[in-house]
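This report refers to the structure that appears directly beneath it.
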Amino acid sequence: MAEQEPAADSGLNEIERTDKEYVFGTWSYQKEVEPTEVVDADGVRFTTADGDEYIDFSSQLMCSNLGHSADKVADAIAEQVRNAAYVSPSYTTENRAKLGKKLADVTPGDLSKTFFSTSGTEAVEAAIKIARFYTGKQKIISRYRSYHGATYGSISVTGDPRRLKSEPGIPGTIKAPDPYAYGSTLDPMESVEYIDEMLELEGDTVAAILVEPIVGSNGILVPPEEYLPRLKEIAHDHGALLICDEVMAGFGRTGEWFGCDVFDVAPDIMTMAKGLTGAYQPLGATIVSSKISEHFEENMLCHGHTYAGHPAAVAAGLATIETYQEENLIGRASEMGEYLGDRIEALAEKHPSVGDTRGVGLFRGIELTKHPGKRVPFGEREDKISTGSTVVDEVSATAAEHGTYVANMINTLIIAPPLTITEAEIDEAIAAIDAGLDVSDAAMEH
């Protein structure tokens, strides 16, 4: 084993120093990585090695939808591992079969057959390949303010600036504008008609349009209610499929089962992960319509994984969905979402650095501005691939000092707590963000 020079003392404990030395941090310049050891998690809170406790107001990476005390899920994993920790994808387990049926039941329209993988990025990879196999076309249209994953296919359809360091990626990916009233010259519905024109100009070469129904890590962008129905119509008019990436918005986050349910749209293909197991196991899923599934009865599905339908992961998925249903967490997320929205609006009225608030259910964003009369962001897109910290990072850091973890992306605080959160816990977290926003207020241009 290669020995490395010990890092200068930065306040890290032994585990954190070891991790920094031997484990790559994600999406980062390694010199800036400062890992924090988590030693306990319970309910909507987690505790670090130095004894600090935080409300998990972003569900870690917007994935711990059940919080950190889902005993039914933990028990299902343990039971499955004791019975059969792994079987080849050519075999099956009771949990895999039942989860496939359960997903057909809870997803909209006639989505009916699922390919299981281990992450959202792999779910998107499968969706791209399936769309190309089914249509016989190659091009995929996605949008600039999007995140679909980190592997070469999924990063290629991602619009997020983190894709730039991975280019050139796979061929045949095209970016379109977003329904983003805050930072675009196009009205949201003008942007969807722009996509119609793109398809017209591309001729009969586009396999699918791939979108997050509600954009997640690029700002919690909620389109007008007529946007997604019109987008599906445009796709079908041009012989293309509509793929909805529900990795972040799915499984109750919006107060509905899926983000597309907010707009009463059933896509041709849907990708899922994160809330599918509440992050208790790594599991991704790509579910397709009956028409698409029938195609592969006589045409090879040329795709697979060693861990496709991993027994422990699908056991977690089935137990997670049963927990959503048994505890009525989807409806509860809608109710708590209204309360959260009201509390966020009160923050916006108090703090001039709040330029915009957006969201549905327990999926909310606070976008900041440094100019009292204009929407001038503190954070820019290029910050995602640059060194250093921003004012938005400082807002999150101040909230953490007051006991609340809240993620931020570019210029937006991403608020997505576990679906089990209470009003009292929301109040506690909002008070911490209130303190954080004092920082951005003080940094405004005057």
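Some points to look at:
- Identity of the residue in segment 200-214, surrounded by 14 or more Cβ atoms within 10 Å (Cβ to Cβ) and touching a Gly at 6+ places or on another chain (Cβ under 9 Å), that ends up farthest from Ile155 (Cα to Cα): Thr205
- Selection of segment 411-432 for residues being farther than 30 Å from Gln325 by Cα and either buried (at least 24 other Cβ atoms within 10 Å of the Cβ) or in contact with an Asp or Glu (Cβ under 6 Å, 6 or more places away or on another chain) (or both) yields Asn411, Thr412.
- Lys72 meets all of the listed conditions (1) over 23 Å from Leu419 (Cα atoms); (2) within 24 Å of the chain's Cα centre (by Cα); (3) basic (Lys, Arg) but one, namely (1).
- Residues in segment 246-290 that are in a loop (DSSP other than H, G, I, E, B) and of a type in the set (A, V, I, L, M) were compared, and the one that is nearest to Asp105 (Cα to Cα) is Ala266.
Rundown of residues vs (1) in a helix (DSSP H, G or I); (2) surrounded by 14 or more Cβ atoms within 10 Å (Cβ to Cβ); (3) in contact with a helix residue (DSSP H, G or I) (Cβ under 8 Å, 6 or more places away or on another chain), yes/no style:
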| residue | (1), (2), (3) |
| --- | --- |
| Val81 | yes, no, yes |
| Lys113 | no, yes, yes |
| Val124 | yes, yes, yes |
| Phe133 | yes, yes, yes |
| Ser146 | no, yes, no |
| Thr158 | no, yes, no |
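- Being within 27 Å of Asp160 (Cα to Cα), at pLDDT below 95 and touching a helix residue (DSSP H, G or I) at 6+ places or on another chain (Cβ under 9 Å) is a property that does not hold for Thr398.
- Scan of segment 222-245 for residues that are charged (D, E, K, R), in a loop (DSSP other than H, G, I, E, B) and over 12 Å from Val360 (Cβ atoms), ordered by number: Glu226
- Cβ-Cβ distances below 8 Å connect the following pairs, each with a first residue in segment 410-430 that is within 15 Å of Val360 (Cα to Cα), a second residue that is of a type in the set (Lys, Arg) and not in a strand (DSSP E or B), and a separation of six or more residues or different chains: Ala416/Arg253; Leu419/Arg253; Leu419/Arg332.
The values are calculated or read from the model by the stated rules, or taken from the named source; none is laboratory data. Note that this is a predicted model, so its numbers are computed, not measured. Virtual Cβ from ideal backbone geometry, glycine too; neighbours counted across all protein chains shown.
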